[in-house]
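All of the numbers you see were taken from the coordinates with simple rules; none came from a lab. Everything quoted here is computed from the prediction, not taken from an experiment. Cβ placement follows ideal geometry from the backbone for every residue including glycine, while neighbour counts extend to all protein chains displayed.
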Amino acid sequence: MPQAQIIDGKAIAESVRDEITQRAAKLLEESGKQPGLAVVLVGEDPASQVYVRNKDRAAEACGFHSVKHALAADTSETDVLSLVEQLNNDPDIHGILVQLPLPDHIDESKVLRLIRPEKDVDGFHPVNVGLLTAGERSSALVPCTPAGSIVLLKRTLGNTLSGKNAVVVGRSNIVGKPMASLLLQESCTVTIAHSRTRDLPDVVKAADIVVAAVGRPEMIKGDWIAPGATVIDVGINRVPAPERGEGKMRLVGDVAFDEAVEYAGAITPVPGGVGPMTIAMLMANTLTAARRLLDLPEEDPLF
Ligand code: GUN
């Protein structure tokens, strides 16, 4: 059987970041301003620390003003809320990202709702969720992982998503739900499946486009994929890799890649697929937020 095209998320993310770097330079010329991104991390979760460091580096590489606030795990909710308020009022900050998960004593939704929607580069504020759901994508800030997944689909399939059957496996607020909204806006016929879906293999088999975002390692098997379908694997799961030595781990997606590559027409690898796109789209959202806050005209959308 022919092997699937491997979608190179790293290369596509790099081209998006190059474009953003150029646009940031243009913004600096036009307004004397750099896009400003503030990332807030509470506690010492090692995975979150890696993400935050990568975001900070990417922002600097794009020529942004980047600030990182690393707070102790026992920081009070009040202190986190007043930091968000301070960033809301800081004219040099156009994007605010509070890394999730937050420690248990902090009410996540209270913090996310306090972020000014115009600075909500994660797209998690109810105002942005509402705009996206209402089909007003162009005035919303769109969550980065779903936005990056659409870019990958369009770079792979061209602007031909219309009419395709898309199945999103997973119903999270961060990926599944916004992904379904975006696919609907691209005129796909969208099914949201999840852990309780009956006959999941058959549901997936009916899809021209499969987006896997369940957070369970290699749950979606190769023979669930229709021949020639396009597979976007959002999962990032750490699993033991004894073949690499004792205690070693490796990253796998939500799709059994080695099997699925025999069926799919195109598929994203893990790592190197959706992951790099998330950070690239965060840079894009920060630039969009900066232009809007500075009352400058919007540039061509990236997707
Ligand atoms: N934790 C895991 N994914 C995300 C994300 O996209 N944004 C934030 N803020 N935290 C996360």
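Annotations for the structure displayed:
- Along each principal axis, taking the top coordinate minus the bottom one, the Cα set of the stretch 144-303 gives 53, 40, 27 Å in descending order.
- Pairwise label distance in nanometres, residue 5 with residue 300, each label 7 Å out on the Cα-Cβ vector: 2.0
- In plain terms, if you count all Cα to Cα distances in the stretch 179-236 and split them into 10 Å steps from zero, the share in each step is 22, 59, 19 percent.
- Stretched out straight at 0.36 nm per residue, the stretch from residue 139 to residue 154 would grow longer than its current Cα-Cα span by 3.3 nm.
- Packing-based order for 122-130, 269-277, 85-93, using average beta carbon neighbours within 10 Å, highest first: 269-277, 122-130, 85-93
- Relative to the longest principal axis of the Cα atoms of the chain, the long axis of helix 9-31 lies at roughly 20 degrees.
- Convex hull volume per residue for the chain, taking Cα atoms only, in Å³: 136
- Between helix 176-185 and the chain: long-axis angle, C-alpha atoms, 0 to 90°, nearest 10: 80
- For the chain, a crude dipole built from +1 on the beta carbon of Lys and Arg and -1 on the beta carbon of Asp and Glu, taken about the Cα centre, is about 400 debye to the nearest 20.
- Simple spin-label estimate for residue 31 and residue 216 gives 4.5 nm between the two label positions (7 Å along the Cα-to-Cβ direction from each Cα).
- Here the gap between residue 57 and residue 246, fully extended at 0.36 nm per residue and compared with their Cα-Cα distance, gives a gain of 64.9 nm.
- Computed extension gain for residue 199 through residue 21, at 0.36 nm per residue and net of the alpha carbon distance, reaches 59.5 nm.
- Under 29 Å from residue 110, Cα to Cα: lysines that are on another chain or at least 8 residues apart: 55, 68, 119, 177
- Between the Cα long axis of helix 274-293 and the first principal axis of the chain there is an angle of about 30°, rounded to the nearest 10.
- Computed over Cα pairs, the Kirkwood radius of the stretch 58-194 leads via Stokes-Einstein (1.567 mPa s, 4 °C) to a diffusion coefficient of 78 µm² per second.
- Residue among 71, 100, 132 farthest towards the positive dipole end of the stretch 65-154, charges placed on Cβ: 132
- Helical runs (DSSP H, four residues minimum) scored at -39500 (n - 2.57) apiece and divided by the length of the chain put the mean residue ellipticity at 222 nm at -12500 deg cm²/dmol.
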